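Okay, structure first, notes after.
The values are calculated or read from the model by the stated rules, or taken from the named source; none is laboratory data. Predicted model, so just to flag it, every value in this text is computed and none were measured. Here the Cβ positions follow ideal geometry from the backbone for every residue, glycine too, while neighbour counts run over all protein chains shown. For the accessible areas, the whole protein counts, side chains as well, though only heavy atoms, and no ligand, DNA or RNA atoms are used. Shrake-Rupley method; radii C 1.70, N 1.55, O 1.52, S 1.80 Å.
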Amino acid sequence: QVQLVESGGGLVEPGGSLRLSCAGSGSGFSGYTMGWYRQGAGKDRELVAFINRGGTARYADFVKGRFTISRDNAKNTMTLQMNSLKPEDTAIYYCSSVPTRAGYWGQGTQVTVSS
């Protein structure tokens, strides 16, 4: 049974930083391209950044230069360092594979950017 667990969310003021973590259990994680997704209230889920098993990363334009994705295949973990946060970054953040796989989602972690 593959499981993903996200952590690290919270409340931060505009311009602040947060570091999200994703821990995967079971086989597959280290071989998958993994990504961070987010879903704001009343919005569709969107892909924020992804990283392949070799460490090559890509970012959505709306986070480029502010967020950094990384992974540790030996530990089955992935992180998202988020700097210069904006109110529009407020959302539930999820980790999953890219492309997504049925049932391969964690519970998400809430990020709220507000003064």
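Structure summary
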item: Residue match in region 49-63 (condition: open to solvent by less than 40 Å² (accessible area, probe 1.4 Å), in contact (Cβ under 8 Å) with a residue 24 or more places away in the chain and aromatic (Phe, Trp, Tyr)); result: no
item: Selected residue (only one of Gly42, Gly16 is over 16 Å from Gln107 (Cα atoms), open to solvent by less than 60 Å² (accessible area, probe 1.4 Å) and part of a loop (DSSP other than H, G, I, E, B)); result: Gly16
item: In region 56-87, the residues that are small (Gly, Ala, Ser) and modelled with pLDDT under 95; result: Ala74
item: Cβ pairs under 8 Å, 6+ apart, first in region 93-112 and within 17 Å of Ser27 (Cβ to Cβ), second part of a loop (DSSP other than H, G, I, E, B) and of a type in the set (Ser, Thr, Tyr); result: Ser96/Tyr104; Ser97/Tyr32; Ser97/Thr33; Ser97/Tyr104
item: Residue check for Leu4: of a type in the set (A, V, I, L, M), in contact (Cβ under 8 Å) with a residue 60 or more places away in the chain, open to solvent by less than 20 Å² (accessible area, probe 1.4 Å) and under 18 Å from Thr100 (Cα atoms); result: yes
item: Residues that are of a type in the set (Phe, Trp, Tyr) and in contact with a helix residue (DSSP H, G or I) (Cβ under 8 Å, 6 or more places away or on another chain), drawn from region 72-115; result: none
item: Among residues of region 19-36, those that are at pLDDT below 95 and either surrounded by fewer than 19 Cβ atoms within 10 Å (Cβ to Cβ) or part of a loop (DSSP other than H, G, I, E, B) (or both), counted; result: 7
item: Matching residues in region 70-114 - criterion: being outside any loop (DSSP other than H, G, I, E, B) and open to solvent by 60 Å² or more (accessible area, probe 1.4 Å); result: Pro87, Glu88, Gln110
